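The values are calculated or read from the model by the stated rules, or taken from the named source; none is laboratory data. All figures in this text were calculated on a predicted structure; none of them were measured in a lab. Quick reminder, even Gly has a Cβ in these numbers, built from the backbone with ideal geometry, and neighbours come from all protein chains shown. Note: areas computed on protein heavy atoms with side chains; ligands, DNA, RNA excluded. Shrake-Rupley method; radii C 1.70, N 1.55, O 1.52, S 1.80 Å.
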Amino acid sequence: MANPLYDGLFGLHAGKSTAFLQLPDGQVITHQGFLEISAQIAHVMVEIGLKPGDRVAVQVEKSAQALALYAACAQAGLVFLPLNTAYTVDELSYFIENSGASLIVCDGSNADELTGVANGLKAKIETLNSDGSGSLIARASTMATHFATVDRQGDDLAAFLYTSGTTGRSKGAMLTQNNLLSNAQTLVREWRFTSDDVLLHALPIFHTHGLFVATNVTLVAGGSMIFLPKFDLDQVVAHLPAATTMMGVPTFYTRLLGDARFTKKLTAHMRLFVSGSAPLLAETHVQFEERSGHRILERYGMTETNMNTSNPYFGERRAGTVGFPLPGVEVKICDAEGRALPQGEIGEIEVRGPNVFKGYWQMSEKTAAELRENGFFITGDLGRIDQDGYVQIVGRNKDLIISGGYNIYPKEIELVLDDQPGVLESAVIGVPHPDFGETVLGVIVAERGATPDADAILKAVSQTLARFKHPRRLVLLEELPRNTMGKVQKNILRDQYQGMFTS
Ligand code: MLC
Ligand code: AMP
C-alpha cells in the first residue's frame with residue numbers, strides 16, 4: 001500500500017536540502033525542512049483524534065505553515081478543505097456544517113467567533129496566524145519530525161473545494177488523490193517544469209490555481225517557489241528577477257502592464273508566464289508580448305476538473321483561445337443532450353479524464369445533473385474548437401461572474417438583496433471592469449411606495465457575504481426586463497450597463 005498523493009508530491013523530496021519555499025523576509029525552507037513541519041502537524045491531527053477521511057476546514061492567511069497543513073492532511077489521509085480568507089462567519093458556518101468538518105483551523109483573530117460554530121457542530125478548533133504562530137504550530141513544535149504516512153488509494157478523497165451554484169447553495173467538489181496527482185504530472189510535462197524552476201507565487205492557496213496548479217506542479221518537478229503572501233505589485237516586480245516562471249489570473253497581468261517598471265529587461269530571463277481562471281483579453285495577450293517579449297500561455301480549468309486544456313509550450317500560443325485538450329483529457333462540444341456537434345460549431349463544453357472530480361459532497365442530484373454516467377462533466381462553459389484544434393471559450397451557459405479570478409454566483413447576492421426592506425426584487429449582473437475583468441452590479445426594484453436605502457442594503461450585504469461579492473454599485477429600476485416566459489433578461493441589463501466602469 002501507499003499514498004499516491006503524498007508520495008507523488010511530497011515524499012519524493014525526503015532528505016533534499018534544496019530550497020522549496022523562499023519567503024519575502026529572506027527565510028528559505030528546504031524540501032526536507034518542509035516535510036518535517038508537515039510531519040509534526042500530522043502528529044497533531046492524530047493526537048486530536050482525526051481519522052483518515054475526516055475533513056479539515058482551513059481558513060488561514062497564506063504562509064509556509066498553511067501549505068504544510070495541506071501536506072500534513074495528505075500524509076495523514078485527511079480531506080483538506082481550504083476556504084477563502086474573505087468569507088464571513090455566515091458563509092463559513094455553512095461550509096463547516098455541510099462538510100461535517102472535524103477540525104477547523106483559523107486565524108487567531110477569528111477564533112472566538114468560530115468557536116461558537118465549532119461547538120455547535122462538535123468540531124475541534126486550532127489557530128494558525130499569518131506569521132506562523134498559533135495553537136496548531138505550538139502543539140506541532142513538540143512533535144517528532146517524522147510521521148508514518150497513512151495508506152490511501154488513488155480514488156480516495158484528498159480535498160473538498162466549495163463552489164457556488166445557480167441556486168445560491170455552495171457545493172463541495174470532491175477531488176481524489178488521483179485527480180490532483182495526475183493533473184500535476186501532466187502539467188509538469190506539458191509546461192516543461194524542472195527542479196531548476198523558481199515559480200513566483202502570488203496567488204491565494206485556497207483555490208485550484210494557487211494550490212493544485214502552481215504548488216503541485218512545483219512539487220512534482222522538485223522546484224522552488226518565491227512565496228508571496230498576496231499579489232502586491234511592488235513585491236512582484238522586486239522578486240521577478242529571481243524567478244523563472246509565474247502563474248496568475250488576468251488581473252495580475254493587466255496590473256503589471258500598468259506599471260512602467262514592467263519591461264523586457266525585467267523579464268528577459270523568464271521562461272514562462274501562465275494565465276487562467278478567467279478570460280485573458282486578446283489585447284492583453286498582444287500588449288504583454290509587445291512589452292515583455294513573452295507570449296502568455298493561457299490554459300483552461302475549473303474547480304471540479306483541475307486543468308482541461310492548455311496552449312502549447314512549443315508552437316503557437318493563440319490569443320483568445322485556451323489551447324488543446326491536455327493528454328488524457330477529452331473535450332467535446334455538445335448540444336444540451338451531450339451529443340457532439342459538428343466541428344466548428346458553438347456548444348457546451350464537456351470534459352472527461354482522470355482530472356474530473358468524483359461528484360458533489362452529499363448532493364447526488366446535483367452530481368447527476370452535471371456529471372454524466374459516461375464520465376463527461378458538463379462545464380457550463382460555451383465554446384468551439386477551431387479548424388486547428390484550439391479550444392475557444394465564447395461564453396457561459398451558467399449565471400456566473402468572474403471578478404479578478406474569483407467566481408461569484410448572482411443568485412447568492414440576489415437572495416440577500418431580495419430580503420432587504422423596500423426591495424421587491426433584484427437582478428445581479430457582471431459588467432466589464434478594467435482591473436477585475438468583470439465586476440458586480442446590483443439592479444433592484446422597489447416595493448410599491450418604498451424608497452430602499454442603498455447604504456443600508458450594502459451594509460447588510462457586507463455582514464453576510466465576502467467583500468469580493470459585494471455589488472460595486474446599486475441601480476434602481478421601475479421594473480426588470482422580462483421575456484414572454486417571465487424570465488429576467490439579464491443580457492439586456494448587461495448591454496445597458498456595460499460601460500458603467502469602463503467609460
Ligand atoms: C479583492 N477584492 C476584490 C477581489 N479581490 N473584489 C472583487 N474581485 C476580486 N477578485 C476587494 C478587496 O477586498 C478590496 O476591497 C478591493 O477589492 C480592492 O482590493 P485590492 O487591493 O485590489 O485586492 P487585491 O488584494 O489586490 O486582490 C485582487 C487580486 C485577488 C486579483 C490580486 O483577488 C487575487 O489574488 N485573485 C486571484 C483569485 C484566484 O486565485 N482565482 C483562482 C480560482 S481557481 P475594498 O473594500 O478595498 O474596496 C479557478 C480554476 C482555474 O478558477 O481555472 O484556475
Ligand atoms: P472555478 O469554478 O473557480 O474553478 O472557475 C472555473 C471557471 O473559470 C470555468 O468554468 C470558466 O468559466 C472560467 N475559466 C477558467 N479558465 C479560463 C480561461 N482561461 N478563459 C476563460 N474562462 C476561464
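Order 366-376, 151-161 from most to least packed using the mean count of other Cβ atoms within 10 Å.
Ranked by mean Cβ neighbours within 10 Å, highest first: 151-161, 366-376.
Calculate what fraction, in whole %, of the accessible area of the chain sits on carbon and sulfur atoms when a 1.4 Å probe is rolled over the protein chains.
That fraction is 50 percent.
PRE reach from Gln498 (point 7 Å along Cα→Cβ): which of region 276-294 fall under 19 Å by backbone N?
279-284
Non-local amide H neighbours of Asp54 (under 5 Å, H modeled in plane, Pro and chain starts lacking H): which ones?
Val79
Ordering Arg261, Arg189 by how much accessible area each has at a 1.4 Å probe, largest first, what is the list?
Reading off the accessible areas and sorting them downward yields Arg189, Arg261.
Along Cα→Cβ, 7 Å out, is where each label goes; now give me the distance between the ones at Val237 and Glu447 in nm to one decimal.
Label-label distance for Val237 and Glu447, simple model: 5.2 nm.
Going by a ≥ b ≥ c, the root eigenvalues of the Cα gyration tensor, does region 375-471 fall in the rounded group (a/c under 1.5), the prolate group (a/b larger than b/c) or the oblate group?
prolate
Peptides 478-489, 112-123: what's the order by average Cβ count within 10 Å, highest mean first?
Ranked by mean Cβ neighbours within 10 Å, highest first: 112-123, 478-489.
Have a look at region 165-277 and give its Rg and Dmax from the Cα atoms, expressed in angstrom.
15.1, 48
Using a 1.4 angstrom probe, figure out how much accessible area the chain has per residue, in square angstrom, rounded to the nearest whole.
Ligands and nucleic acids excluded, the figure is 41 Å² per residue.
Would you kindly derive the ³J(HN,Hα) couplings of region 81-98 from the backbone phi angles with the Karplus curve 6.51 cos²θ - 1.76 cosθ + 1.60 (θ = phi - 60°), listing them in order in whole Hz, with x for Gly and Pro?
Using θ = phi - 60°, the values come out as 10, x, 10, 3, 5, 7, 4, 7, 4, 4, 5, 4, 4, 5, 4, 5, 5, 4 Hz.
When the label point is put 7 Å from the Cα of Arg482 along its Cα-to-beta-carbon vector, which residues of region 408-426 have a backbone N closer than 15 Å?
424-426
With θ taken as phi - 60° and the coefficients 6.51, -1.76 and 1.60, list the Karplus ³J(HN,Hα) couplings across region 224-232 in order, rounded to whole Hz; mark glycine and proline as x.
Coupling constants for region 224-232: 9, 10, 8, 9, 8, x, 6, 7, 10 Hz.
By how many nm would the segment from Asp131 to Ala336 grow when fully extended, if each residue of separation counts as 0.36 nm and the alpha-carbon distance is taken off?
Separation in residues times 0.36 nm, less the Cα-Cα distance, equals 68.9 nm.
By DSSP, what percent of the beta bridges with both residues in the chain are antiparallel, rounded to the nearest 5?
Percent antiparallel among DSSP bridges in the chain is about 60.
Kindly flag which residue pairs out of Lys332/Lys398; Lys358/Lys490; Lys171/Lys469; Lys411/Lys459 have an alpha-carbon separation exceeding 22 Å in this structure.
Distance filter (> 22 Å) returns Lys358/Lys490.
Expected output is a single nm value to one decimal: the length gained when fully extending between Phe314 and Gln343, i.e. 0.36 nm times separation in residues minus the C-alpha distance. What is it?
Gain on extension, Phe314 to Gln343, equals 8.0 nm.
For a quick check: with amide H placed at 1.01 Å from N, whose amide H comes under 5 Å from Ala2's, ignoring anything fewer than 5 positions away on the same chain?
Counting only residues 5 or more places away or on other chains, the set is Arg152.
Scan around Thr309 for amide H atoms under 5 Å from its own, H built in the peptide plane at 1.01 Å from N, and keep only partners 5 or more places away or cross-chain.
Amide H neighbours of Thr309: Tyr300, Leu326.
Can you tell me the FRET efficiency between Asp386 and Ala144 if r is taken as the Cβ-Cβ distance and R0 is 45 Å, rounded to the nearest 0.05?
About 0.20, to the nearest 0.05.
Enumerate the calculated ³J(HN,Hα) couplings along region 292-305 in order (Karplus 6.51 cos²θ - 1.76 cosθ + 1.60, θ = phi - 60°), each rounded to whole Hz, writing x wherever the residue is Gly or Pro.
In residue order, the calculated couplings are 10, x, 9, 9, 4, 9, 9, 10, 10, x, 7, 4, 6, 10 Hz.
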